[in-house]
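Below is one structure, written out as structure tokens; comments come after it.
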Amino acid sequence: MKSAEIRQKFLEFFASKGHQIVASSSLVPHEDPTLLFTNAGMNQFKDVFLGFDKRPYTRATTSQKCVRAGGKHNDLENVGYTARHHTFFEMLGNFSFGDYFKRDAINYAWELLTGVFGLPKDKLTVTVYAEDDEAYDIWTKEIGVPPERVIRIGDNKGARYASDNFWMMGDTGPCGPCTEIFYDHGEHIWGGPPGSPEEDGDRFIEIWNNVFMQFNRDEAGVMHPLPKPSVDTGMGLERISAVLQHVHANYEIDLFQALIAAAARETSNADMDSPSLKVLADHIRACSFLIADGVIPGNEGRGYVLRRIIRRAIRHGYKLGARAAFFHKMVPDLVAEMGDAYPELKAGQQRVTDILKQEEDRFFATIENGMAILEGELAAMAAAGNVVFNGETAFKLHDTFGFPLDLTADVCRERKRDRRRRRLRRRHGPPEGAGPRGRQVQDGRQPRIRRPGHHLPRLRRPRSQGQCAGAIQGRRGRQ
């Protein structure tokens with residue numbers, strides 16, 4: 001089943017249950033200054049849940065565009081190197097605003113997953129908040145999930161109600177327990193069920209979270225029952241697509257495979273497993289949708305995050321051999337995959353292409369010299385057995401060549417990964433497909449960039465508009 005069909009089946013299923021299909025909101029949450037980008041399906045309904053807004057419907061379903069890059073929610077560094085990290089993703093959701101509650105939400109989820117999508121019931125494990133007997137009984141006594149596959153999760157984050165299975169909008173306000181549904185990828189993948197010491201493995205993957213907004217928490221931490229409990233659910237399209245297409249990693253689904261092929265075409269790269277191709281496939285989605293929603297590359301706020309993502313993509317293209325603007329040529333491929341579901345992308349295709357090309361041309365004018373300096377410093381570090389990247393070089397790369405500090409750090413992290421892979425191959429041969437996530441790489445030291453006060457000079461802000469920006473203060477670090 002193609003990703004587009006999965007998205008459509010989800011929306012049509014909930015429409016058949018009386019839900020209003022609501023278009024995705026913009027990635028720029030204009031009415032919520034607390035957010036840098038829209039990062040969850042419930043963002044556009046926040047005021048409805050809080051009682052400040054009323055819609056002409058009490059049930060809704062959406063496929064929401066989300067970005068997690070910059071700010072509190074930032075997956076940028078991991079993109080391309082893990083199976084499921086993305087800067088842009090789609091969140092499928094169904095919502096009840098004081099209408100149905102736990103029983104219907106759980107029944108809807110089970111019917112869709114096992115009936116419409118046809119997932120084997122014995123491959124699904126669920127979690128509930130330890131004190132939520134109501135949800136536990138619905139799962140075990142009404143749905144019929146064996147008790148051994150319904151796991152109670154308590155306050156596992158060091159405080160009352162601080163739990164993987166208790167959701168809070170903030171320190172005060174609407175909150176409540178949640179139930180999560182996990183898919184078991186099988187014994188050949190390392191990992192254990194949620195709540196076990198091996199839960200961080202990749203065998204059991206969360207595919208759907210149902211949040212039950214049941215209480216209002218006051219300043220004293222007291223939970224008051226809400227007069228109209230609500231439901232907020234989220235299921236990542238990329239994750240459920242991987243399950244339904246019988247692949248393990250999100251980058252193996254049809255949507256990403258098309259974009260990876262486009263990235264390989266534009267960089268003349270034949271290694272379809274290259275992490276850099278995955279980076280490009282991910283980043284073209286984030287960059288294109290952000291521009292389509294009105295974000296322009298810049299030096300602060302949302303524009304700066306967009307510029308970081310674009311330059312990270314260019315750097316990975318450069319690593320694959322690209323020496324001229326290429327990234328913007330992937331836009332038509334993205335529109336072919338997602339333009340029907342998101343008409344704003346199709347309508348803004350030319351503008352997105354033009355802005356990306358302009359940004360590419362600007363960065364390609366300086367990237368070659370910058371990369372030469374960066375590679376030279378890393379080679380000198382390796383020869384000297386040093387794991388600390390010189391902060392003055394990092395500053396020069398930023399100030400002269402437009403390399404943000406995080407881009408330099410990204411290359412350092414990459415070098416660490418490459419070194420670990422070589423060490424493992426020498427010791428053990430090629431790594432196996434299954435194994436503890438992160439356990440294979442505990443013995444290496446990561447190149448670090450010294451922070452301000454060590455090698456990295458500090459910038460003194462000009463006191464007036466007439467002063468020259470970029471005056472440097474601070475002493476040289478030890479070499």
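Filtering the range 66-85 to residues that are modelled with pLDDT of 70 or more and more than 19 Å from Asp293 (Cα to Cα) leaves Leu76, Glu77, Asn78, Val79, Gly80, Tyr81, Thr82, Ala83, Arg84, His85.
Does Ala69 meet the test of being outside any loop (DSSP other than H, G, I, E, B) and buried (at least 21 other Cβ atoms within 10 Å of the Cβ)?
In short, no.
Of all residues in the range 239-255, those that are open to solvent by 10 Å² or more (accessible area, probe 1.4 Å) and within 15 Å of the chain's Cα centre (by Cα) total 2. The number of residues in the range 16-32 that are in a loop (DSSP other than H, G, I, E, B) and touching a residue at least 24 places away in the same chain (Cβ under 8 Å) comes to 10. The residues of the range 209-259 that are part of a loop (DSSP other than H, G, I, E, B), farther than 15 Å from Glu5 by Cβ and in contact (Cβ under 8 Å) with a residue 12 or more places away in the chain, listed by number, are Asp218, Glu219, Gly221, His248, Ala249.
Among the numbered conditions (1) touching a residue at least 12 places away in the same chain (Cβ under 8 Å); (2) of a type in the set (Asp, Glu); (3) closer than 20 Å to Leu27 by Cα, the only one that Glu368 does not meet is (3).
Scanning the range 227-238 for residues that are over 28 Å from Ile189 (Cα atoms), crowded, with 18+ Cβ neighbours inside 10 Å and not hydroxyl-bearing (Ser, Thr, Tyr) yields Pro229, Val231, Asp232.
When you scan the range 281-300, do you find a residue that is open to solvent by 50 Å² or more (accessible area, probe 1.4 Å), among the basic types (Lys, Arg) and either closer than 21 Å to Ala336 by Cα or in contact (Cβ under 8 Å) with a residue 40 or more places away in the chain (or both), even just one? Among the residues of the range 281-300, not one is open to solvent by 50 Å² or more (accessible area, probe 1.4 Å), among the basic types (Lys, Arg) and either closer than 21 Å to Ala336 by Cα or in contact (Cβ under 8 Å) with a residue 40 or more places away in the chain (or both), which makes the answer no. Here the range 256-271 is the region considered, the condition is being hydrophobic (A, V, I, L, M, F, W, C) and under 30 Å from Pro120 (Cβ atoms), and the residue that is most open to solvent (accessible area, probe 1.4 Å) is Ala258.
Exactly one residue among Ile291, Ile284, Ile253, Ile260 is under 14 Å from Arg84 (Cβ atoms) and among the hydrophobic types (A, V, I, L, M, F, W, C), and that residue is Ile253.
For the range 386-410, a residue qualifies if it is in a helix (DSSP H, G or I), touching a strand residue (DSSP E or B) at 6+ places or on another chain (Cβ under 9 Å) and either open to solvent by less than 10 Å² (accessible area, probe 1.4 Å) or on the phi > 0 side of the Ramachandran plot (or both), and the qualifying residues are Gly391, Ala394, Thr408. Looking across the range 169-201, the residues that are open to solvent by 30 Å² or more (accessible area, probe 1.4 Å) and among the acidic types (Asp, Glu) come down to Asp171, Glu187, Glu198, Glu199, Asp200.
Checking each residue in the range 347-385 for being open to solvent by 70 Å² or more (accessible area, probe 1.4 Å) and more than 21 Å from Ile314 (Cα to Cα) picks out Ala347, Ala382, Ala383, Ala384.
The values are calculated or read from the model by the stated rules, or taken from the named source; none is laboratory data. Owing to the predicted nature of the structure, the values given are computational and were not obtained by experimental measurement. Glycine gets a Cβ as well: all are built from the backbone with ideal geometry, and neighbour counts include every protein chain shown. Each accessible area value is taken on the protein alone, full model and side chains, heavy atoms only, with ligands, DNA and RNA left out. Shrake-Rupley method; radii C 1.70, N 1.55, O 1.52, S 1.80 Å.
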